[in-house]
1. Which ³J(HN,Hα) values in Hz, rounded to whole numbers, follow from the phi angles of the range 209-225 under the Karplus curve 6.51 cos²θ - 1.76 cosθ + 1.60, where θ = phi - 60° and Gly and Pro get x?
2. How high is the relative contact order of the range 70-160, in percent, with contacts defined as C-alpha pairs under 8 Å that are six or more residues apart?
3. Taking the alpha-carbon centroid of each part, what is the distance from the range 126-143 to the range 146-179 in angstrom?
4. Along its three principal axes, how long is the range 43-106 when you only count alpha carbons? Whole Å, largest extent first please.
5. If amide H atoms are built 1.01 Å from N in the plane of the peptide, which residues on other chains or at least 5 residues away come under 5 Å of the amide H of Gly20?
6. So what are the three principal axis dimensions of the chain from its Cα atoms, in whole Å, longest to shortest?
7. What is the sum of charges around Ala143, taking Lys and Arg as +1, Asp and Glu as -1, for the other residues whose C-beta is under 11 Å from the C-beta of Ala143?
8. Would you list the membrane-span-like helices of the chain, meaning whole DSSP H runs whose alpha-carbon atoms span at least 15 Å along their axis and whose mean Kyte-Doolittle value is at least 0.5?
Amino acid sequence: MTFGDKLGAVFDRSGHLCVGIDPHAWILDQWGLEDSAEGAREFGLRVVEAAWNRAGILKPQVSFFERHGSAGYAALERVIAEARAAGILVIADAKRGDIGSTQQAYGEAWLRPGSPLESDAVTLSPYLGLGSLQSSLELAEAAGKGVFVLAATSNPEAAGLQTARVAETERTVAASMLAGVAQWNGSRKDQSERRFGSVGVVLGATLELAKFGININEEPVGPAVPVLAPGFGHQGAEVSETRRLFGALTPGVIVSESRGLLSAGRDGIADAIARRAEEVEAKRG
Ligand SMILES: O=c1ccn([C@@H]2O[C@H](COP(=O)(O)O)[C@@H](O)[C@H]2O)c(=O)[nH]1
């Protein structure tokens, strides 16, 4: 089964909500947990438990575990393993990207079956060129995994870079990533029968995508490109705006939210996830 097929099945079964696992120091404190690897592990496991049967996708933010060093990585391994064992799709938000030969090792870390950090998908940065990620796209395909390539990120500082024009095509950097990913998905075998490709993009829900040169009204040719869309909740985007923001891309949108849900606290998190999951399905459009 490809990652695109798995994602489609999760959408049908559990909806489009993705819960971020971001153990900020202040959230750990609010949850009565220590700002340590142990606190991050406990927090992550509680979020997994709260998401079970309420949301189908989790997105651990790797940096918040990495800040605790090797113990933080051990905590992350456990959280990822528990989530996947519970049948929840895990997107590791690692934002890795390097020259091809090094990128291969990043791909193996997050996508190789049996790797300690094995996830279902990983976020990758194409700052060294989309082509530098090729080995990870190939590994993802061979292992039934997914990749989300940063295209138009939700932070305001990114616009200058991501709206710049690429010399050969005159497309913006953001539109160029979306086109490159769509092309990759469309060139895979059996893609004409697939609903979703296995490689997606990150498009912030805080953005007007037209300003990034992305035409949201263009109907996709071939499998739909999955869109990991952070920016809901704390960063201000509203679930009811999903259709207006993403247009024809909406069927592949993963509505991602971290602080907005996590700040419900350890006693409120399960209800907060359940309510948001319902809202996403009712208002996504
Ligand atoms: O463009 C991007 C890419 C990734 N992120 C990550 O998503 C979450 C958002 O957290 P909230 O608390 O819901 O704001 C966080 O892990 C970011 O690193 C993003 O925000 N924007």
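Derivation of every value follows stated rules applied to the coordinates shown; laboratory data play no part. Here the structure is a predicted model, which means the values were calculated and not measured. Using ideal geometry, Cβ is built from the backbone for each residue, glycine included, and neighbour counts are taken over all protein chains shown.
1. Those phi angles translate into 5, 4, 5, 9, x, 9, 8, 6, 8, 6, 6, x, 9, x, x, 5, 7 Hz.
2. Details: 133 pairs, mean separation 23.9, N = 91.
Value for the range 70-160: 26 percent.
3. Going from one Cα centre to the other spans 16 Å.
4. Largest to smallest, the principal-axis extents are 39, 23, 15 Å.
5. Lys59, Glu257, Ser258
6. The Cα atoms of the chain stretch 53, 41, 37 Å along their principal axes.
7. Values: positive: Arg112, Lys145; negative: Glu108, Glu118, Asp120, Glu138, Glu141.
Summing Lys/Arg as +1 and Asp/Glu as -1 gives -3.
8. Numbers: long enough: 3-14 (16 Å, -0.13); 37-51 (21 Å, 0.13); 69-85 (24 Å, 0.26); 100-111 (16 Å, -0.63); 173-186 (19 Å, 0.84); 265-283 (26 Å, -0.71).
Qualifying helices: 173-186.
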